[in-house]
Structure formats: structure tokens, C-alpha cells
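As C-alpha cells, the structure follows; a few thoughts come after it.
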Amino acid sequence: MKKTLLLAGTAVLMAGLVSCGGGKKADSTEAEATDEGVAETATATPEYTLLNLPLVDLSEFPKDADGWITLFDGKTFNGWRGYDREDVPAAWMIDDSAIHIKGSGGGEAGAKDGGDLIFAHKFRNYEFEFEWKVAKGSNSGVLYMIQEVKDEHSYISAPEYQVLDNENHPDAKLGVDGNRQSASLYDMIPAKPQNAKAIGEWNKGKILSYKGTIVHYQNGEPVVEYHLWTKEWTDMLQASKFSQQEWPLAFELLNNCGGDNKEGFIGFQDHGDDVWFRNIRIKISD
């Protein structure tokens, strides 16, 4: 597998055959040993290009006495930009002190000037808090450990905290055991208890990330816990829509989530529906 990194608009080819996580990548003819010592044939991973767009200086954002950094001031998109671009897509707007993705009805990134929105700083260990609400039948997500991959959606590399109208969107009934309902680790772990509020009401979300341990909270309760970079994580990917057989590139990036530095962007998904986010802040743990 060949990975390319774009630096300030110049493509730089990364030496050797390396995975997003920094390890050696086997080609399709090379055998790999599992934890049980059984050899398996690897699936070839498509080539991809990582971007290296400008980052913001986090020290310029307000920080309270308890260490919480405000990432959205309720008035401007200072610090935010579109995924795979340096400006904010026009489909995103500020509405009554909240970030609002204006529904296009066109599905993922289907608006004329849509696409996912990210905060332009990479995070590793943190508590990330936000509030969200959805219109009837709406779908979105909060993605984290995002790597910017040219010409791909943010979820190709990032776990997703699902944001959904559980009552009216069909995704709530798909997947397994409710693992596509709100606050779930999308398509892998259902949020339990499922305590989302009705459409039009604000929900409180939180994502805890610490040295590979991830916890999702919804309305004050922990509802999902799992551990990145483990056999458990790999097994969950293999049982999901992101399996190596079904989606080799997503499997490669997600299995090595966060890349070489085990860090990434946090962002909101444009799924073509009306969704709002506010009170967005982070507390760094490292």
C-alpha cells in the first residue's frame, strides 16, 4: 500500500510500504500471523493521500479556571473549516448561537456547498463536550481521531458518535442491537441505556479519549466504552461495514486510528439533514 502526504499543496511520497499507524504493510501476497499464530492472507489496501492543511493555535482560544477550552464562541467559525478544504462550506451556518448544518436532502455531503466540518487542531487525550439536537428524521455524527484523506469522507478514518432521530430515521432500526442509534459507536457498539431526548430538544454529549480508552456519554450517563489499538477493536471492525474484506481502505485507517501520532481532528458530519451543535468545549488530558 502506498501512502502520499500533501504538504502545503505539494505531494510528498512517504518512503516504503507503511500503514497509517506506522507499521509495515503487507501486500496481497504476503501472509500475516494472527494473535493465535494462524497465518492469513492480507487484503491489498488502495492507495490514499493524507493532507497537511494549516492548524490553529489552541492557546488563542479562551480557557477557564478548570482547564476547559471553548472551541465555538457562538458567533463565528473561528478555528473551524471544512474537511479537505481551508474554508467553511456554505451549508454550515450559525443559528441562535449554535452551529447548524442546513439540511439539503441530498444525503452525505449532498448540498451544493456542503461537506463535513472540523476544528482545525489535532487532539489525543481529552474530554470533549457538546450539545446537539436534530430535526425530524435527521442523521449526523461527531467524528474523532479524523485523518484528512484526500477525496474521502471524514468517517473513512474516524470512529463516530452517532447523532440521530431514533424515532423517525430508518438507520435506528438497521445495524445490530441498536448500534446505529444516537451516541452509539456507529455500526459497532449500541449506546446503553438509550436515553436520547425527543426531536427539537437539546442533548448533552461527551467523548472521553485517554490512551486508547474511549467512552461515549449521553445526557450525563456513560453509554459506550471500548479500547482502540487492541484485538477487540480489530475484531469489531471486522464484524462491521468497515471490515477488511468489504472496505479495505476504511479498515486500514480505522485499525490504525489516529495515525502515527495517535491523534486527530474532531468534526461534525454533513449527512444532508438539519442538525445543531452548541456549547462545544474540550479539556486536554496530556
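The values are calculated or read from the model by the stated rules, or taken from the named source; none is laboratory data. From a predicted model like this one, the values you see are computed outputs, not experimental measurements. All Cβ positions, even for glycine, are placed from backbone atoms using ideal geometry, and neighbour counts span all protein chains on display. These accessible areas exclude ligands, DNA and RNA; they are computed on the full protein's heavy atoms, side chains included. Shrake-Rupley method; radii C 1.70, N 1.55, O 1.52, S 1.80 Å.
Can you tell me which residue is modelled with the lowest pLDDT among those in the range 111-130 that are in a loop (DSSP other than H, G, I, E, B) and open to solvent by less than 40 Å² (accessible area, probe 1.4 Å)? Walk me through it before giving the result.
From the range 111-130, those in a loop (DSSP other than H, G, I, E, B) are 111-116, 124-125; that's our starting set.
Within this subset, residues satisfying the condition of being open to solvent by less than 40 Å² (accessible area, probe 1.4 Å) are 111, 114-116, 125.
Details: Ala111: 61, Gly114: 86, Gly115: 91, Asp116: 94, Asn125: 98.
This residue is Ala111.
Could you tell me which numbered condition Ala158 fails, if it satisfies all but one of (1) part of a strand (DSSP E or B); (2) crowded, with 24+ Cβ neighbours inside 10 Å; (3) of a type outside the set (Phe, Trp, Tyr); (4) touching a residue at least 40 places away in the same chain (Cβ under 8 Å)?
Among (1) part of a strand (DSSP E or B); (2) crowded, with 24+ Cβ neighbours inside 10 Å; (3) of a type outside the set (Phe, Trp, Tyr); (4) touching a residue at least 40 places away in the same chain (Cβ under 8 Å), the lone unmet condition for Ala158 is (1).
Which residues, taken from the range 168-186, are open to solvent by 30 Å² or more (accessible area, probe 1.4 Å) and either hydroxyl-bearing (Ser, Thr, Tyr) or farther than 14 Å from Asp273 by Cβ (or both)?
Lys173, Leu174, Gly175, Val176, Asp177, Arg180, Gln181
I'd like to know if the range 45-63 contains one or more residues that are in a loop (DSSP other than H, G, I, E, B), within 20 Å of Val275 (Cα to Cα) and at pLDDT 95 or above. Even if it seems obvious, please write down each step before you answer.
First, pick out the residues of the range 45-63 that are in a loop (DSSP other than H, G, I, E, B): 45-47, 53-57, 61-62.
With the extra rule that they be within 20 Å of Val275 (Cα to Cα), the set shrinks to none.
No, the range 45-63 contains no residue that is in a loop (DSSP other than H, G, I, E, B), within 20 Å of Val275 (Cα to Cα) and at pLDDT 95 or above.
Residues that are touching a helix residue (DSSP H, G or I) at 6+ places or on another chain (Cβ under 8 Å), part of a loop (DSSP other than H, G, I, E, B) and not aliphatic (A, V, I, L, M): does the range 133-142 have at least one? It would help to see each step written out before you state the result.
Pass one, the range 133-142, residues touching a helix residue (DSSP H, G or I) at 6+ places or on another chain (Cβ under 8 Å): 139, 141.
Subsequent filtering for residues that are part of a loop (DSSP other than H, G, I, E, B) retains none.
Looking through the range 133-142, none of the residues is touching a helix residue (DSSP H, G or I) at 6+ places or on another chain (Cβ under 8 Å), part of a loop (DSSP other than H, G, I, E, B) and not aliphatic (A, V, I, L, M).
For the range 112-130, name all the residues that are in contact (Cβ under 8 Å) with a residue 24 or more places away in the chain and in contact with a Ser or Thr (Cβ under 8 Å, 6 or more places away or on another chain).
We begin by selecting, within the range 112-130, every residue in contact (Cβ under 8 Å) with a residue 24 or more places away in the chain; these are 113-130.
Gly114, Asp116, Ile118, Phe123, Arg124, Asn125, Tyr126, Glu127, Phe128, listed by residue number.
Determine whether Ala198 is buried (at least 18 other Cβ atoms within 10 Å of the Cβ), in a loop (DSSP other than H, G, I, E, B) and hydrophobic (A, V, I, L, M, F, W, C). Quick ask: steps written out before the conclusion?
Values: buried (at least 18 other Cβ atoms within 10 Å of the Cβ): no; in a loop (DSSP other than H, G, I, E, B): yes; hydrophobic (A, V, I, L, M, F, W, C): yes.
Considered against the rule, which asks whether it is buried (at least 18 other Cβ atoms within 10 Å of the Cβ), in a loop (DSSP other than H, G, I, E, B) and hydrophobic (A, V, I, L, M, F, W, C), Ala198 comes out as no.
Under 8 Å by Cβ, and 6 or more places apart or on different chains, what pairs join a residue from the range 57-76 that is open to solvent by less than 60 Å² (accessible area, probe 1.4 Å) with one that is modelled with pLDDT of 95 or more and assigned to a helix (DSSP H, G or I)?
Ile69/Leu58
Are there any pairs, at least 6 apart or on different chains, whose C-beta atoms fall under 6 Å, with the first in the range 269-286 and farther than 18 Å from Leu164 by Cα and assigned to a loop (DSSP other than H, G, I, E, B) and the second of a type outside the set (Ser, Thr, Tyr) and open to solvent by less than 60 Å² (accessible area, probe 1.4 Å), and if so, which?
Hits for this filter: Ser285/Asn125; Asp286/Asn125.
Quick one: is Gln238 over 17 Å from the mean Cα position of the chain (by Cα), touching a residue at least 60 places away in the same chain (Cβ under 8 Å) and open to solvent by 10 Å² or more (accessible area, probe 1.4 Å)? Outline the logic, then answer.
Working: over 17 Å from the mean Cα position of the chain (by Cα): yes; touching a residue at least 60 places away in the same chain (Cβ under 8 Å): no; open to solvent by 10 Å² or more (accessible area, probe 1.4 Å): yes.
So Gln238 does not fit the description; no.
Can you give me the number of residues within the range 241-261 that are in contact (Cβ under 8 Å) with a residue 12 or more places away in the chain and aromatic (Phe, Trp, Tyr)?
Taking the range 241-261 and keeping what is in contact (Cβ under 8 Å) with a residue 12 or more places away in the chain, we get 241-242, 244-245, 248-261.
The next check asks that each one be aromatic (Phe, Trp, Tyr); those that pass are 242, 251.
Number of matching residues: 2.
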